[in-house]
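Notes follow the structure.
The values are calculated or read from the model by the stated rules, or taken from the named source; none is laboratory data. Everything numeric in this text was worked out from a predicted model, so none of it was measured. Ideal geometry is used to build each Cβ from the backbone, glycine not excepted, and the neighbour counts take in all protein chains shown. Note: areas computed on protein heavy atoms with side chains; ligands, DNA, RNA excluded. Shrake-Rupley method; radii C 1.70, N 1.55, O 1.52, S 1.80 Å.
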Amino acid sequence: MSRRKEDPHAEFIKGLWRDNPVFVQVLGMCPMLAVTNSAINALAMGGATFFVLVASSFLVSSLRQWIPRQVRISTYIIIIATFVTVTDFTLEALAPVVHKELGAFIPLIVANCMILGRQEAFASRNSVRLAVVDALGMASGFLFALFTLGAVREILGEGALFGVSLFGPDFEPWVIMILPPGGFLTLGLLLLFFSWLRERKQRLAIRLEELEAEPK
Amino acid sequence: MNRGEPKLRLQASPLLRQQLTTRQAMLDVLLALMPATLAGIWFFGISALLVLSASILGAVVTEWLFSPAGYRGSRLNDYSALLTGLLLGLTLPPALPMWMAFLGGAVSIGLGKLIWGGLGQNLFNPALVGRAFLLATFPIAMTTWSAQSAPGEFFRIGSSTLAMPFMQPGYDGVTAATPLGLMKFERVSTDLWLLASGNSTGCIGETSGLLLILGAVYLLIRRDLDWRIPTGILVSVALFSALLLLSDPERYPGPLFSIFSGGLLLGALYMATDPVTSPLTPTGTWIFAVGIGLLIVLIRVFGGFPEGVMYAILLMNSATPLIDRYTQPRVFGKGGSSR
Amino acid sequence: MNGLPEVTTGGGEPGSLRLVATLSLAGLLSGLIIVLAFETTLPTITAYKARMLREAVFNVLPSVTSLKRLVYRNGKLVETEDEQKGDQAIFSGYDQNGRLVGYAIPGAGPGFQDTIRLLYGYLPAERKVSGMEILESRETPGLGDKIYKDESFVSGFRSLAVDPEIRAVKKGKRTAANEIDAITGATISSKAVVRIINEANRQWLPRLEAAQPTVTGD
């Protein structure tokens, strides 16, 4: 592990795009589907997850020499749960309306497998600097995915973005988009789109190799 | 469960059949639907024709757009997208905005068929997937029924039909409740002859019961239709309704009303019989049909919606692979217990 | 963790004492941080909740300037600000001169999808509902959520007789003072609201009459 050269830039891009936690790794589906019925809810959820992930990664990486292997998962969970609870209280005090909308899903960030996964797979084996960059990338990727889904669902479901009407009062809302099936549909179509992009890129790469291999 | 995935599907002899291509079967069904379609246009005016065209266009354009470039011509040539679009259009309210019908056609083909891998791979009936999507997306527009066009108003196009894409429809015509809605919410029955002849409110293609039966008879003669499915549905609906009628004649409609009202005939004759989404074995077909019949009556009588044909068929569609699995003919001479 | 072959590091297995100590320490620190965050945010959170409730009360009771919280305990209405778990509390509203205007009564019951919680104003002098506000609901967007988004439905509760009981009728068919137009396409949600208010009335009106015999005089 430690032999790998540190490349913060690549670690960041990895989370944001190439290994995007939602579109590529398909992690953290519960908040993804449950709270993305509007852009603002998606942003709040993404922001809360962002804070928890970055703070936990920082702490886990800093303490990685003192955490015994046998109790590492329990310790990670304690660390994550602490940050989640703090986020829960803070959000309730600062933005009560959003907090009410997100309801039980804020405490459920503890169960977001993406966060625990990053601690186990990355933060516990890398330097603090890299761990934080990795967390920043993954959290941004998650935020990006939540926001995309929330924006699509709000635009079609309410004809608005961040509560600002886009098409005037005569817009016919797509009720299904606000309801759970709309979340599944939109997520499925986005996953389809991203795997299509990946496949196209691979096809292009193969084609390019063939061209280069061809004798002049 | 020690049996693996069945590799070979068996049916009793005679195995020799007339030559039947997908294209020919689709053409037969299209032809069989023509009388009911024309009657729908006759009753609901030119608006209904526009709605039908929009849903067909949505289906065909989507099929064309998402087929690999090399197969485009041949895919469209089997007329299956056209048929899906028409079937969807027939289940839509006549005053639905054209843009919604177009979207429904696109969803039918895109989410109902192509995403599963194309013709023959889909689990659910594509036209009903489109309709379920529309009902969940635009619940009000999908349950606003325009009355039949008055004499001399055949060519009048309602303003709702021409609503701008993504915009709310404004209704200028006369709206009315469907026979099933009247039954459920006001306990008013509708004359049986009006129902059978098509002279009532409802989706474009569901009203003319007798013409739908006429088309099905043609399909039966051409052997494009598995007679067990409609028979199973109609008999189970009739029996179940008769039982309910006996228990409380004040509350429940009779068997004939149940059969001729709503989309039951259209669904039983043309949608449940879709060979792709119904079971293959005769036993399985009976289970499938009776399941649909019971679900229809259950949803209509005890559910929140006045009509249940669509959900009944979709639910049984999802049970089809399971039914197929458990009704495989026994393999003789293999020994061992097969559960 | 148990059962799996552990990859032993150079220093050997740490004793179980050390494992317990690590976890206890982590738990202790975590607890401290959580308590700190709780204490810091609590005043803001309580203040907000109280403000929202007061706003709702002023919305459903017109021309009220001050409030009192009443709790039903041991068969009597007691005025108290002190909140206890399981309290059955309502609010009484007074005008500038300190005269009783009416009561704000909370109610809850099943809607189409989930529990609907609401607050409504009740004027004992006229035996009328004076306003209704939905505090919490998860009704279908675009249909059931009209119980608070549809102004004509909400305004139907501004003056609604409670005798013999409130009835939801089909839109446009309202004839009597105790009838309200249901929302087209959301009959179940409309009827749920009416049922919740009727149930709360059955529970509270006898108690209020028993407690305030003077009000019925005028």
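Side notes on the structure shown:
- Residue satisfying condition, being modelled with pLDDT of 90 or more and touching a Phe, Trp or Tyr at 6+ places or on another chain (Cβ under 8 Å), within set B:L52, B:L30, B:L92, B:L76: B:L30
- Out of B:F138, B:F155, sole residue that is within 14 Å of another protein chain (Cβ to nearest Cβ) and over 28 Å from B:Y252 (Cβ atoms): B:F138
- Residues of the stretch A:16-59 that turn out to be open to solvent by less than 30 Å² (accessible area, probe 1.4 Å) and on the phi > 0 side of the Ramachandran plot, as a count: 1
- Boolean, A:L191 is within 13 Å of another protein chain (Cβ to nearest Cβ) and in contact (Cβ under 8 Å) with a residue 12 or more places away in the chain: yes
- Among the criteria (1) more than 13 Å from chain C (Cβ to nearest Cβ); (2) over 30 Å from C:E136 (Cα atoms), the one A:I79 does not fulfil is (1).
- The set of residues from the stretch B:226-264 being over 19 Å from B:L195 (Cα atoms) and of a type in the set (F, W, Y) comprises B:W227, B:F240.
- Between A:A111, A:A95, A:A123, the distinction of being within 11 Å of chain C (Cβ to nearest Cβ) and either closer than 21 Å to C:A47 by Cβ or in contact with a helix residue (DSSP H, G or I) (Cβ under 8 Å, 6 or more places away or on another chain) (or both) belongs to A:A95 only.
- Search result, residues across the stretch A:157-179 that are under 22 Å from the mean Cα position of the chain (by Cα) and away from chain C (no Cβ under 11 Å): A:L161, A:F162
- Residue list for the stretch A:168-195, filter: open to solvent by 20 Å² or more (accessible area, probe 1.4 Å), of a type in the set (G, A, S) and either modelled with pLDDT of 90 or more or not in a helix (DSSP H, G or I) (or both): A:G168, A:G188
- The residues listed here are A:D88, A:D7; of these, the one that is more than 17 Å from the chain's Cα centre (by Cα), open to solvent by less than 40 Å² (accessible area, probe 1.4 Å) and not aromatic (F, W, Y) is A:D88.
- C:E136 being within 14 Å of chain A (Cβ to nearest Cβ) and without any contact (Cβ under 8 Å) to a residue 40 or more places away in the chain: yes
- Among the residues making up the stretch C:67-97, those that are open to solvent by less than 50 Å² (accessible area, probe 1.4 Å), in contact (Cβ under 8 Å) with a residue 12 or more places away in the chain and either under 17 Å from C:A210 (Cα atoms) or not basic (K, R) (or both) are C:L67, C:L70, C:V71, C:L77, C:D87, C:A89, C:I90, C:F91, C:S92, C:G93, C:Y94, C:D95.
- Applying the set (1) in a loop (DSSP other than H, G, I, E, B); (2) open to solvent by 50 Å² or more (accessible area, probe 1.4 Å); (3) touching a helix residue (DSSP H, G or I) at 6+ places or on another chain (Cβ under 8 Å) to C:V64 leaves exactly one unmet item: (2).
- Contact map, the stretch C:12-34: first residue facing another protein chain (nearest Cβ under 8 Å) and over 14 Å from A:A81 (Cβ atoms), second residue part of a helix (DSSP H, G or I) and open to solvent by 60 Å² or more (accessible area, probe 1.4 Å), Cβ cut-off under 8 Å, separation 6 or more or different chains; the map is empty.
- When residues of the stretch C:139-179 are limited to those that are buried (at least 20 other Cβ atoms within 10 Å of the Cβ), at pLDDT 80 or above and closer than 23 Å to B:A177 by Cα, the one farthest from the other protein chains (Cβ to nearest Cβ): C:F153
- Applying the condition of being within 19 Å of B:P230 (Cβ to Cβ) and without any contact (Cβ under 8 Å) to a residue 40 or more places away in the chain to the stretch B:299-316 and asking which residue is most open to solvent (accessible area, probe 1.4 Å) yields B:L315.
- Exactly one residue among B:L123, B:L111, B:L96, B:L162 is buried (at least 16 other Cβ atoms within 10 Å of the Cβ) and touching a residue at least 40 places away in the same chain (Cβ under 8 Å), and that residue is B:L96.
- Meets criteria (over 12 Å from the mean Cα position of the chain (by Cα), of a type in the set (G, A, S) and not in a loop (DSSP other than H, G, I, E, B)) for A:A48: no
- Residues within the stretch B:232-290 that are without any contact (Cβ under 8 Å) to a residue 24 or more places away in the chain and crowded, with 19+ Cβ neighbours inside 10 Å, tallied: 1
- For the stretch B:74-133, a tally of residues being more than 14 Å from chain A (Cβ to nearest Cβ), farther than 20 Å from B:L38 by Cα and not in a helix (DSSP H, G or I) returns 9.
Residue by residue, here is whether (1) among the aliphatic types (A, V, I, L, M); (2) at pLDDT 85 or above holds:
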| site | (1), (2) |
| --- | --- |
| C:A26 | yes, yes |
| C:I33 | yes, yes |
| C:T40 | no, yes |
| C:Y48 | no, yes |
| C:P62 | no, no |
| C:R69 | no, no |
| C:R73 | no, no |
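- Count of residues meeting criterion [open to solvent by 80 Å² or more (accessible area, probe 1.4 Å) and more than 9 Å from chain A (Cβ to nearest Cβ)] in the stretch C:47-56: 3
- Condition met for A:A131 (touching a helix residue (DSSP H, G or I) at 6+ places or on another chain (Cβ under 8 Å), open to solvent by less than 40 Å² (accessible area, probe 1.4 Å), more than 10 Å from chain C (Cβ to nearest Cβ) and in contact (Cβ under 8 Å) with a residue 24 or more places away in the chain): yes
- Pairs, first away from chain B (no Cβ under 14 Å) and open to solvent by 70 Å² or more (accessible area, probe 1.4 Å) in the stretch C:186-209, second small (G, A, S) and not in a helix (DSSP H, G or I), C-beta under 8 Å, six or more apart: C:R195/C:G109; C:E199/C:G107; C:E199/C:G109
- Among the residues making up the stretch C:127-186, those that are in a helix (DSSP H, G or I) and not acidic (D, E) are C:K146, C:I147, C:Y148, C:K149, C:S152, C:F153, C:V154, C:S155.
- Count - residues of the stretch A:153-167 that are of a type in the set (D, E, K, R) and open to solvent by 50 Å² or more (accessible area, probe 1.4 Å): 1
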